[in-house]
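**Student:** To start, I am sharing the structure in question, which I have written as C-alpha cells.
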Amino acid sequence: MEKRIQINAVWYIREDAINDSLDHLEDEELDLSFSEECCYETDKYCFVAQRVKINGGDEFYSDINIEFTDERSRNIDNWKKEYWDNNDWLKGILEDNPESIKSLNEETDLCSQGKRQFKRFLDQLVIEGWLV
C-alpha cells in the first residue's frame, strides 16, 4: 500500500514507484563516434568516402573507407553496394600498382569510365588531405 496514493477516494500508483527500465539510460555515458563524408556521384556510380574523428576531437584517423554503389540498374533494389577500407589498395590504385589495378579489374564491375572517375575521386581525396 505504501506505493499507492489516494486522491478523492481514488487509488493511484505513485509515480516514483513505477519501475521504468529505461531510467538508468539517462546516467549511462554514450560512446559516440563522429565522422565526415565526401560524396561523388556520377550518372552510373556513387562513391562516398568517410573518415572518423579520433575520440570526438578535431583530428581524424588516417584510414578512410569508401562505400561504392553501382547505380546502373534502373531498379534501386538491384543496386550493388560494396565497402572498401583497404587504404593500401586505394593508394595502390593512385600509384598504378599492378596488383591493385588487377584487383580493381577483377573484383569490381566498374567500366573504364568508372575506373577513371574513381581514380579522380581518390586524387581529390589526396588533395583534401583525406588519403595520405
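Read the figures in this text as sums done on the coordinates, not as results from a lab. All of these numbers come straight from a predicted model, not from anything done at the bench. Virtual Cβ from ideal backbone geometry, glycine too; neighbours counted across all protein chains shown.
**Student:** Within segment 35-117, list the trypsin sites (Lys or Arg not before Pro) lying in a DSSP loop whose Cβ has at most 10 other Cβ atoms in a 10 Å radius. Please report the intermediate quantities before stating the final value.
**Tutor:** On the way: sites: K44, R51, K53, R72, R74, K80, K81, K91, K102, K115, R116; in loops: K44, R72, R74.
Listed in order of number, the matching sites are R74.
**Student:** Same structure, new question: Please check the chain for the longest run free of GluC sites (Glu not before Pro) that are loop-located per DSSP (anything but H, G, I, E, B) and have at most 12 other Cβ atoms within 10 Å.
**Tutor:** Details: sites that count: E2, E28, E29, E59, E95, E128.
The segment 60-94 is the longest one with no such site.
**Student:** If segment 37-132 were replaced by its equivalent ellipsoid, with semi-axes equal to the square roots of 5 times the Cα gyration tensor eigenvalues, what would those be, largest first, whole Å? Intermediate results must be reported in sequence, preceding the final value.
**Tutor:** Numbers: eigenvalues 103, 59, 25 Å².
Its equivalent ellipsoid spans semi-axes of 23, 17, 11 Å.
**Student:** What list of ³J(HN,Hα) couplings, whole Hz, do you get for segment 64-73 from phi and the Karplus terms 6.51, -1.76, 1.60, once you set θ to phi - 60° and write x for glycine and proline?
**Tutor:** 10, 10, 10, 9, 9, 10, 8, 9, 6, 6
**Student:** Among D31, D63, D88, which one moves the most in a GNM of the chain with springs linking Cα atoms closer than 10 Å?
**Tutor:** For the chain, modelled as a Gaussian network with Cα springs under 10 Å, the answer is D31.
**Student:** Now a separate question. Per DSSP H run of n ≥ 4, the term is -39500 (n - 2.57); total these for the chain, divide by its residue number, and report the mean residue ellipticity at 222 nm rounded to 500 deg cm²/dmol.
**Tutor:** Theoretical 222 nm ellipticity from helices: -8000 deg cm²/dmol.
**Student:** Taking segment 74-112, which chymotrypsin sites (Phe, Trp or Tyr not before Pro) meet the DSSP loop condition and have no more than 14 other C-beta atoms within 10 Å?
**Tutor:** Filter output for segment 74-112: W79.
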